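Engineer: Below is a structure I'd like to ask you about.
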Amino acid sequence: MRQVFYPVAKVRQLTRLQQPHRSYPSITIQGWSILNRELYKHKKPGRIFVYFTVKSTSMKKALACCILLFATLYVSAQNVPATNLKGEGIIVGFVKDSLTNKAVKFVTTVIKSIETGSVFDETVTDDKGKFTFTGMPEGNFVVTLSFIGYNSAIVKASITEKNKTINLGTIILVPRAETLKEVVIDSRRSLIEEKVDRTVYNAELDKTIAGGDAIDVMRRVPLLSVDIDGNVTLRGSQNFKVLINNKPSTISANNLADALKQIPADQVKSVEVITSPSSKYDADGSAGIINIILKKNSLRGIIMDMDMAAGIRGAYFGLNGEYRNKKMGFSIGGFGRGTYNIHGEYGNTQTIGATANYQNAGTRRHDLSGNYTLGWDYEIDKSNYMTATARYSLLNTHNFLDNLVTNTFQNDALDTTLLDQVEVTGKSGTVDISFDYTHAFSQRQRELTFLTLFSRTDRANDFMDINESPNVFSVLGKLKNTNTGLNQEITQELDYQTAIDSNQLLEIGAKYIVRHVTSDFKYLNAVGDADYMLNTNPILTNVFNYQQNVKAGYIDYTLNTKSAYSFKTGARYEYTTINAQLPNQSVYSTSIPSYGLLVPSINISRRLKNAKAIKFAYSRRIQRPSIQFLNPNVQPSNPLNVTTGNPALGPEYTNNFELSYSTYIKSTNVSFAAFYRNTNKAIESVRLPGTNGDTVKTTFANIGKESTYGLNLFTTLVIGKKVSLNGGADLYYLVLDNNLPVTDPGYINYSLHNKGLVFSARLSGGYNFSQGWQLYIYSWYR
């Protein structure tokens, strides 16, 4: 596929639909229901054609009617310094379908001289609907666009000594009336889009996700698998970078599943899965990037939207509003969600030598989450644009293990029985503030963007364990852990792009990231019902400070050839400095050296006939350890399973290779890919016997080496107007090596290997009933 590059400021000049009008009936366009609306009258000169099909209810047989509406569209021509040489003119334009508003490729475009009537040149549009004529002499010309199933369009253009570059803007092709009789346009076909470097799931077209959260959205996204607890994997890996509106956020640093619960599904516009990111993106995320795009309204005037629901296990309330005039807009949104009455059971069997432990308990959980946003954007002029966004997210969770019974057997004989009441609480609040400025130069495809971002999450993870006598239910002892901390990130980024030629683009940029993490953890004990006393053991009570600075620069080059090939290659260099501190340095080794990393990337794609495409990609990625792996706080919420982080962890490095193919078979979209992923210094969990002999202690180390050979398949099938199915399968062969040496004979061999096949599959389907009701089913297997 070929890419088209167009300044952001120009795209925002498109006119918008708005304002009710009683004289128009209900109209359906590409799955969107637009009731009583007319086309907004823009003040600038020009025309844009919008075509609708309307079903008549007054006749026995529905007829397709054509309503041709006019609105204005003007894209200013670029002023190029005049020269006395002829043959330096350029004429460029973009072609879109009037119904779908999508680019129309392979449109035959002919340019003729008005004075002589002779054909000067001929070309076809690329996959983004773009056409370009170069080497044009001075004179008056007429451009004719024609394609099967569409009415031809004619546009005039003049090349003068003072104006040699003409941008015709967007030209709308209207389907012929005879081809639209009894046509029903179904948006489900475009629910999944395959692009040159990513797979896009258009969540706004899926009406079955209303009332849920972002986890419900992720269950429907190709290449992703989501388990019952909301944990997301990408091609079997949890090491990926999560972006929100192309920006990082500390909201997902601690626990992605909890972060996704704070984003309502109704606010998600689309989800992009980028398995081979270009050098423009941060190198974080060994498996790739998941980019969550949130909705933004672009209509003018005052808009308010409210929705709510309540059930036996949860309730939510949402309110969104926006005010927009010609150049400025304000938006505000709020969402609150509560879950309750979530009950379950817990069981655990654990054997170490001659000691066996059996645990069981009842579980309870209730959560409260919220997400609140305030946005502002201002179009200074056609070349300068600014946006600012502030977002606050909160999450309060409570998990209970009621009557946790632990029976310990020594040599098959019951030794002890313990009874515990455990409560684990988590509270977090995240602030994201961003400011973007974009300047589009007068030259084509030249743009400068500046971004600054502040993100901070304040979090408290506490647990309390009350040990009771299993016979008389008296309190024998109490244990409490409090762990408060912050995760803060400040980012500044400068990006510049410029066209070298009509089919080449150069992108360069620089970025500076300052990350600061603090964890303040304390342990308190009590005997019986006595008051809590602080445990001053530095392993259990301490303050962990971790600072990470990343300086980065990148360069990307894109070439689109006339033979339907696209090449995008680049390199990124990142230099990381780390400083980790604990008051008692003798407890942990925290000397972490600085390191630099060169990250190359290559994307090659080839367009085939009938919307088929093949793509090869290579990228090198890095996975820096997150706070959940670094935090040295000991977490024994279950006394038999203790977890602690490792502050001295380093990053893991991954090489990704991918070959993919996508095609349409009648009404079925099929995409499959073969990939190879190799990871060195992988962060793996290490489990060792605890000091008591019957306890398992889990920590983390850079000891893993992984090689993954995999296949992905995803398909979307539409059967008539009622049934839609989509599903996917992942099959990969995993080879693991812990990279530890083989010790001398007679000693313990710590070198371990494992390999085998991993298979997962997911299938979802929908059935459309009458009057807007729909049944949706989702299943998952691994």
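The values are calculated or read from the model by the stated rules, or taken from the named source; none is laboratory data. Please read all numbers here as calculations on a predicted model, not as lab measurements. Virtual Cβ from ideal backbone geometry, glycine too; neighbours counted across all protein chains shown. For accessibility, only protein heavy atoms count, side chains too; no ligands or nucleic acids. Shrake-Rupley method; radii C 1.70, N 1.55, O 1.52, S 1.80 Å.
Engineer: Sort through Leu418, Leu486 and tell me the only one that's touching a Pro at 6+ places or on another chain (Cβ under 8 Å) and either within 30 Å of Met533 (Cα to Cα) or open to solvent by 40 Å² or more (accessible area, probe 1.4 Å) (or both).
Structural biologist: Values: Leu486 fails: touching a Pro at 6+ places or on another chain (Cβ under 8 Å).
That would be Leu418, the only listed residue that is touching a Pro at 6+ places or on another chain (Cβ under 8 Å) and either within 30 Å of Met533 (Cα to Cα) or open to solvent by 40 Å² or more (accessible area, probe 1.4 Å) (or both).
Engineer: Within the stretch 437-444, can one find any residue that is hydrophobic (A, V, I, L, M, F, W, C) and at pLDDT below 90? Step through it out loud before you land on a result.
Structural biologist: If we filter the stretch 437-444 for residues that are hydrophobic (A, V, I, L, M, F, W, C), which is where we start, we get 440-441.
From what is left, the residues that are at pLDDT below 90 are 440-441.
Yes, the stretch 437-444 contains a residue that is hydrophobic (A, V, I, L, M, F, W, C) and at pLDDT below 90.
Engineer: Among Ser637, Ser591, which is modelled with pLDDT under 90, under 30 Å from Val686 (Cβ atoms) and surrounded by fewer than 18 Cβ atoms within 10 Å (Cβ to Cβ)? Explain how you work it out, then say what you get.
Structural biologist: On the way: Ser637 fails: surrounded by fewer than 18 Cβ atoms within 10 Å (Cβ to Cβ).
On inspection, the qualifying residue turns out to be Ser591.
Engineer: Just give me the residues in the stretch 504-546 being within 29 Å of Gly570 (Cβ to Cβ) and buried (at least 19 other Cβ atoms within 10 Å of the Cβ), in sequence order.
Structural biologist: Of all residues in the stretch 504-546, those within 29 Å of Gly570 (Cβ to Cβ) come to 504-515.
Within the stretch 504-546, Leu505, Glu507, Gly509, Lys511, Ile513, Arg515 qualify.
Engineer: If you don't mind, there's one more thing I want to ask. Would you please name the residue that is modelled with the highest pLDDT, looking only at residues in the stretch 467-477 that are out of contact with any Gly (no Cβ under 8 Å at 6 or more places or on another chain) and surrounded by 15 or more Cβ atoms within 10 Å (Cβ to Cβ)?
Structural biologist: Glu468
Engineer: For the stretch 642-666, enumerate the residues that are at pLDDT below 85 and in contact with a Gly (Cβ under 9 Å, 6 or more places away or on another chain).
Structural biologist: Within the stretch 642-666, just Val642 meets the criteria.
Engineer: Just checking: which of the strands (runs of 3 or more DSSP E) contained wholly in the stretch 351-451 hold 2 or more residues that are touching a strand residue (DSSP E or B) at 6+ places or on another chain (Cβ under 6 Å), at negative phi and of a type in the set (Asp, Glu)?
Structural biologist: Details: elements: 355-381, 384-410, 413-440.
Strands (runs of 3 or more DSSP E) meeting the threshold: 355-381, 413-440.
Engineer: Please verify whether Asn738 is surrounded by fewer than 19 Cβ atoms within 10 Å (Cβ to Cβ), at pLDDT 80 or above, in contact with an Asp or Glu (Cβ under 9 Å, 6 or more places away or on another chain) and more than 26 Å from Ser276 (Cβ to Cβ), treating the condition exactly as stated.
Structural biologist: Numbers: surrounded by fewer than 19 Cβ atoms within 10 Å (Cβ to Cβ): yes; at pLDDT 80 or above: yes; in contact with an Asp or Glu (Cβ under 9 Å, 6 or more places away or on another chain): yes; more than 26 Å from Ser276 (Cβ to Cβ): yes.
Yes.
Engineer: Take the residues of the stretch 494-503 that are closer than 11 Å to Gln445 by Cβ and assigned to a strand (DSSP E or B): which is most open to solvent (accessible area, probe 1.4 Å)? Before the answer, list the steps.
Structural biologist: Initial filter on the stretch 494-503 (closer than 11 Å to Gln445 by Cβ): 497-503.
Adding the requirement that they be assigned to a strand (DSSP E or B) leaves 497-501.
Numbers: Gln497: 27, Thr498: 20, Ala499: 25, Ile500: 98, Asp501: 77 Å².
By that ranking, first place goes to Ile500.
Engineer: Kindly provide the set of residues from the stretch 295-314 that are surrounded by 11 or more Cβ atoms within 10 Å (Cβ to Cβ), modelled with pLDDT of 70 or more and outside any strand (DSSP E or B), ordered by number.
Structural biologist: Lys295, Gly311, Arg313
Engineer: Being open to solvent by 30 Å² or more (accessible area, probe 1.4 Å) and modelled with pLDDT of 80 or more narrows it down to one residue among Leu168, Leu145, Leu224, Leu173; which is it? I'd like the intermediate steps shown before the answer.
Structural biologist: On the way: Leu145 fails: open to solvent by 30 Å² or more (accessible area, probe 1.4 Å); Leu224 fails: open to solvent by 30 Å² or more (accessible area, probe 1.4 Å); Leu173 fails: open to solvent by 30 Å² or more (accessible area, probe 1.4 Å).
Exactly one residue qualifies, and that residue is Leu168.
Okay, residues lined up against (1) touching a Leu at 6+ places or on another chain (Cβ under 6 Å); (2) free of Cβ contacts under 8 Å to residues at least 40 places away in the same chain; (3) over 22 Å from Asp520 (Cα atoms):
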{"position": "Leu418", "(1), (2), (3)": "no, no, yes"}
{"position": "Gly426", "(1), (2), (3)": "no, no, no"}
{"position": "Ile433", "(1), (2), (3)": "no, no, yes"}
{"position": "Leu448", "(1), (2), (3)": "no, no, yes"}
{"position": "Leu453", "(1), (2), (3)": "no, no, yes"}
{"position": "Asn467", "(1), (2), (3)": "yes, no, yes"}
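Engineer: Within the stretch 371-425, how many residues turn out to be farther than 30 Å from Thr482 by Cα, touching a helix residue (DSSP H, G or I) at 6+ places or on another chain (Cβ under 8 Å) and of a type outside the set (D, E, K, R)?
Structural biologist: 3
Engineer: Given the residues Thr116, Thr125, which is the only one that is polar (S, T, N, Q), crowded, with 17+ Cβ neighbours inside 10 Å and either modelled with pLDDT of 75 or more or within 18 Å of Thr561 (Cα to Cα) (or both)? Working first, answer last.
Structural biologist: Values: Thr116 fails: crowded, with 17+ Cβ neighbours inside 10 Å.
None of the others qualify; the one that does is Thr125.
Engineer: Considering only residues that are small (Gly, Ala, Ser) and more than 30 Å from Ile302 (Cβ to Cβ), look in the stretch 316-373 and name the one that is nearest to the chain's Cα centre (by Cα). Reasoning before the result, please.
Structural biologist: If we filter the stretch 316-373 for residues that are small (Gly, Ala, Ser), which is where we start, we get 318, 321, 329, 331, 333-334, 336, 338, 344, 347, 353-354, 356, 361-362, 369-370.
Keeping just the survivors that are more than 30 Å from Ile302 (Cβ to Cβ) gives 344, 347, 353-354, 356, 361-362.
Working: Gly344: 31, Gly347: 35, Gly353: 46, Ala354: 48, Ala356: 44, Ala361: 37, Gly362: 35 Å.
Within the stretch 316-373, the match that is nearest to the chain's Cα centre (by Cα) is Gly344.
Engineer: Same structure again: Pairs under 7 Å by beta carbon, first residue free of Cβ contacts under 8 Å to residues at least 40 places away in the same chain and assigned to a strand (DSSP E or B) in the stretch 708-725, partner open to solvent by 80 Å² or more (accessible area, probe 1.4 Å) and not small (Gly, Ala, Ser), six or more apart or different chains?
Structural biologist: Cβ pairs passing all conditions: Tyr709/Tyr733; Leu711/Phe672.
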